[in-house]
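Below is one structure, written out as structure tokens, with a few remarks after it.
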Amino acid sequence: MSYIKFEKSQVVNLEYSLSREIIRTNRAGSYASTTLVECNTRKYHGMLVCPVDELGGERYVLLSGLDVTVINDDRSFNVGIRKYKGDYFSPKGHKYIEDFSTEVIPMRIYRVGNVLLKMERILAHYEEQMMVRYTILEASESMKLQIRPFLAFRSIHELTHANLAANTKVEFVKNGIKSKMYDNFPYLHMQFSTKAEFIHVPDWYRGVEYLEEQKRGYDYSEDLFTPGFFELKVKKGDEIVFSASTKEENPRGLKGKFSRMMTGKIPRNCYINCLRNAAQQFVERRGEDTLIIAGYPWFGSWGRDTFISLPGIALARHGLDLYRDVLDTQINKMKDGLFPNMGTTGDYSFNSIDAPLWFFWALQQYVLNGGIDCCEKYEKSAKLVLNAFKNGTAFNIHMRDNGLIYSDAPGKALTWMDAVVNGTPVTPRNGYAVEINALWYNAVCFALEMAKVEED
């Protein structure tokens, strides 16, 4: 029995379903996110959102969504949904939803006349690839599926509009096409596990609106590009896999890959399994780095949040290997005794006075959970932090004669109360911040304990 259960009456109620969001990550910087009914309500939503190295490693929405139309008895039923100006939704495919589950992967069953269509989505780990499996559970006769992709090719923080610079052409690959709207982007390969006819009818769908952006006071209307649509003949029992990826796939292997990726998935059938699934979504491996993401959809890796959350996230499932990988990544980025406050791709800010002190707390949790090699691995780094704070480092962070840590950096907010407006901290905290000195005391005490153990 599902731990998280959604009734049909809840899912088809837009007031309810549009306020519930789903996110799945690939553990390497990419994610897929939308609402229960696949109506995007944020500019951050998308079926395939990837970091693009050529553009600084920031995340970009490549594939915004897919419209699926069931054609049966010469009648067409579009099961997609988008919002336009006012309270106008078109199409209104949510009304065809018969069942919804997210216990293993997001799954929807649509009832259209005598057709029962199941759609399941999965994001490949450590690859920029989203796959959708379509299964025809019921159908009285042969029918067609028409699948139309909507492309954005823009930053998660921006919106796009119809423009002449967009490349509206496509190139054919096996069982599909590839498209690249602008230079410096990767190609988006859209392929099927079986032959599909593609009809190239490029067009812009204008004025798509995002409810949550409107509530936040941001621009909320954009135009989405569609290069055309795929058409497939299907019948009862057919199973078809669609792939959207930054690299070309072998169509013959898509069904097997989808099934293999399902193996080992932890079902969200109890509270602890929900926590385990949630914890691993925040782990991101990019190249040699192993990072903890501070939050989705717009946060990156933050030093303070990394050290605070590391025990819970790493020990929830992965154990000490992940713990060490994250610590090592942070240590490799340390500068003058400070850890990056923000940044994921090399453009780091070190304006966090407490991140180095939370590092000591994370070391304490490491020891408490079996990290017997703590001194051997992290003594040097710990001493660098202690000496930097004692002798002085950036932002006028230093220890005074009274043994307390003092900082004074005009225009900077170095503690967790880090909001700055027009160059002025909202909550100025220059001087002796209370929690900073509590953390400093803890760090010194832990260092002394370790020194006794190591007879240093």
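The 3J(HN,Hα) values that the Karplus relation (6.51, -1.76, 1.60; θ = phi - 60°) gives for segment 109-122 are, in residue order, 10, 10, 10, 10, x, 9, 9, 10, 10, 9, 10, 10, 10, 8 Hz. Gly and Pro appear as x.
Helical content of the chain, expressed as a calculated mean residue ellipticity at 222 nm, amounts to -7500 deg cm²/dmol (DSSP H runs of 4 or more residues, -39,500 (n - 2.57) each, divided by residue number, nearest 500).
Can you give the net charge of the other residues whose Cβ lies under 11 Å from the Cβ of Pro51, counting K and R as +1 and D and E as -1?
On the way: positive: Arg59, Arg286; negative: Asp53, Glu54, Glu58, Glu128, Glu284.
Every neighbour counted, the sum reads -3.
For a straight C-alpha distance cut-off of 13 angstrom, the aspartates and glutamates reachable from Lys178 (same-chain residues fewer than eight places away being disregarded) are Glu248, Glu249.
Which net charge results when you count Lys and Arg as +1 and Asp and Glu as -1 among the other residues whose beta-carbon is under 15 Å from that of Gln129? Let's see the in-between values first.
On the way: positive: Arg24, Arg27, Arg121, Arg133, Lys178, Lys247, Lys255, Lys257, Arg260; negative: Glu120, Glu127, Glu128, Glu248, Glu249.
Result for the local shell: +4.
Remark: segment 8-262 projects, on average over all directions, an area of 12.9 nm² (convex hull of Cα atoms). With R₀ fixed at 45 Å, the C-beta to C-beta distance from Glu454 to Val421 puts the FRET efficiency at about 0.45. Net charge in the neighbourhood of Ser179 (other residues with Cβ under 12 Å of its Cβ; Lys, Arg +1, Asp, Glu -1) is +2. Here each label is just a point 7 Å from Cα along the line to Cβ, and for Ala165 and Ala316 those points are 3.9 nm apart. Taking the inverse of the mean reciprocal distance over all distinct Cα pairs, the Kirkwood hydrodynamic radius of segment 211-277 comes to 17.0 Å. By the rule of a C-alpha distance below 23 Å, with chain neighbours fewer than 8 residues away ignored, the lysines paired with Lys118 are Lys5, Lys8, Lys92, Lys95, Lys144, Lys195, Lys233, Lys235, Lys236, Lys255, Lys257, Lys265.
Per residue, the convex hull spanned by the Cα atoms of segment 57-133 measures out at 140 cubic angstrom.
Just the projected area, averaged over all directions, of the convex hull on the alpha carbon atoms of the chain: how many nm²? Intermediate results must be reported in sequence, preceding the final value.
Numbers: hull surface 96.5 nm².
The orientation-averaged projected area of the Cα hull of the chain comes to 24.1 nm².
What FRET efficiency comes out for the pair Glu98/Lys383, r = Cβ-Cβ distance, R0 = 56 Å, nearest 0.05? Mind showing how you got there, number by number?
Values: r = 62 Å, r/R0 = 1.11.
With a Förster radius of 56 Å, E is 0.35.
Using the Cα coordinates of segment 282-454, the gyration tensor eigenvalues translate into equivalent-ellipsoid semi-axes of 25, 22, 13 Å, sorted from longest to shortest.
Using bins of 10 Å that start at zero, the share of Cα-Cα pairs per bin across segment 94-168 amounts to 14, 34, 30, 20, 3, in whole %.
Mean projection of the alpha-carbon convex hull of segment 151-301 over all orientations, in nm²? Can you show the working numbers first?
Working: hull surface 51.1 nm².
Result: 12.8 nm².
If you filter segment 1-91 for chymotrypsin sites (Phe, Trp or Tyr not before Pro), then keep DSSP loop positions with at most 11 other Cβ within 10 Å, what is left?
Tyr88
Distance between the 7 Å Cα→Cβ label points at Leu137 and Gln365: 4.1 nm. The aspartates and glutamates within cross-link reach of Lys85, meaning a Cα-to-Cα straight distance under 20 Å and a gap of 8 or more places when in the same chain, are Glu15, Glu38, Asp67, Glu158, Asp203, Glu209, Glu212, Glu213, Asp219, Glu222, Asp223. Along each principal axis, taking the top coordinate minus the bottom one, the Cα set of segment 1-157 gives 50, 36, 35 Å in descending order. In percent, rounded to a whole number, the relative contact order of the chain is 12, using alpha-carbon pairs under 8 Å and six or more apart.
Look at Thr34, Thr427, Thr226 and count the other Cβ atoms within 10 Å of each Cβ; fewest to most, that gives Thr427, Thr226, Thr34.
DSSP loop GluC sites (Glu not before Pro) in segment 69-165 with at most 10 other Cβ atoms within 10 Å of their Cβ, which ones? Provide the component values of the computation, followed by the final result.
On the way: sites: Glu98, Glu103, Glu120, Glu127, Glu128, Glu138, Glu141, Glu158; in loops: Glu103, Glu127, Glu128, Glu141, Glu158.
Passing sites in segment 69-165 are Glu141.
All of the numbers you see were taken from the coordinates with simple rules; none came from a lab. Computed from a prediction, not measured in an experiment: that's the story for all the values here. Methodologically, a virtual Cβ is constructed for each residue, glycine included, from the backbone with ideal geometry; neighbour enumeration extends over all protein chains shown.
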